[in-house]
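Worksheet: the structure to be examined is printed underneath.
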Amino acid sequence: MPNTLGALTLPDQMLWTDQYSWSPAAGQAQRTIAGGLALFTQSMIKGRPVTLEAADGVAWLTQQQVDDIMAMAAQPGAAFTLSWEGEMSTVRFAHHAPPVVEFSPIMPLADQYTGTIKLITV
């Protein structure tokens with residue numbers, strides 16, 4: 001099953017660079033007036049960062065793929081289905097942490113690009 005973002009098929013060699021840099025739980029500690037410690041923990045349901053990278057020498061994006069990704073990123077608040085290694089998530093572009101996309105041609109006048117796509121689960 002190919003990795004996809006919306007209807008766009010992503011290169012198989014593309015990397016999810018922060019796939020294991022996220023905690024599925026969050027916590028907070030507060031001191032009480034009496035000097036005790038109150039601990040609060042909660043499962044994280046949404047908000048997982050998804051940074052996809054087409055790294056130089058590993059994966060390349062075509063001009064058409066870059067154009068399609070740029071068009072998706074230009075839609076404020078739009079949600080897309082990300083299928084990654086058989087798992088499905090609903091994602092948005094991480095506009096709160098710009099730039100959400102960065103692409104560079106692998107050589108002048110080439111139709112192949114390296115780059116990064118920053119998404120977040122919703």
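The values are calculated or read from the model by the stated rules, or taken from the named source; none is laboratory data. Quantities reported herein were computed from a predicted structural model and do not represent experimental measurements. Every residue, glycine among them, receives a Cβ derived from its backbone with ideal geometry; neighbour counts consider all protein chains shown.
Some points to look at:
- Residue in the stretch 49-71 that is among the hydroxyl-bearing types (Ser, Thr, Tyr) and surrounded by fewer than 12 Cβ atoms within 10 Å (Cβ to Cβ) present: no
- Single condition Met14 does not satisfy, out of (1) modelled with pLDDT under 95; (2) within 14 Å of the chain's Cα centre (by Cα); (3) surrounded by 12 or more Cβ atoms within 10 Å (Cβ to Cβ): (1)
- Out of Thr90, Thr62, Thr51, sole residue that is within 17 Å of Val122 (Cβ to Cβ), touching an Asp or Glu at 6+ places or on another chain (Cβ under 7 Å) and among the hydroxyl-bearing types (Ser, Thr, Tyr): Thr51
- Within the stretch 1-13, residues that are under 12 Å from Gln64 (Cβ atoms) sit with their Cβ atoms under 8 Å from residues that are at pLDDT 95 or above and surrounded by 13 or more Cβ atoms within 10 Å (Cβ to Cβ), at 6+ positions apart or across chains, in these pairs: Leu8/Gln65; Leu8/Asp68; Leu8/Ile69; Leu8/Met72; Thr9/Asn3.
- Unmet criterion (only one of (1) free of Cβ contacts under 8 Å to residues at least 40 places away in the same chain; (2) more than 29 Å from Gln112 (Cα to Cα); (3) surrounded by 10 or more Cβ atoms within 10 Å (Cβ to Cβ)) for Ser23: (3)
- Condition met for Ala78 (touching a strand residue (DSSP E or B) at 6+ places or on another chain (Cβ under 8 Å), among the aliphatic types (A, V, I, L, M) and in a loop (DSSP other than H, G, I, E, B)): yes
- So Met88, is it loosely packed, with under 11 Cβ neighbours inside 10 Å, of a type in the set (A, V, I, L, M, F, W, C) and without any contact (Cβ under 8 Å) to a residue 24 or more places away in the chain: yes
- Among the strands (runs of 3 or more DSSP E) confined to the stretch 11-75, the ones with at least 3 residues that are closer than 15 Å to Val100 by Cα are located at 49-54.
- Residue within the stretch 64-85 that is at pLDDT 95 or above, touching a Pro at 6+ places or on another chain (Cβ under 9 Å) and of a type in the set (Phe, Trp, Tyr) present: no
- Set side by side, the residues Thr9, Thr41 differ, and just one is among the polar types (S, T, N, Q) and more than 30 Å from Leu109 (Cα to Cα), which is Thr41.
- Flag for Ile106 being modelled with pLDDT of 95 or more, in contact with an Asp or Glu (Cβ under 9 Å, 6 or more places away or on another chain), of a type in the set (A, V, I, L, M) and surrounded by 13 or more Cβ atoms within 10 Å (Cβ to Cβ): no
- Every residue from the stretch 74-85 that is in contact (Cβ under 8 Å) with a residue 40 or more places away in the chain and within 16 Å of Lys118 (Cβ to Cβ): Ala79, Phe80, Leu82, Trp84
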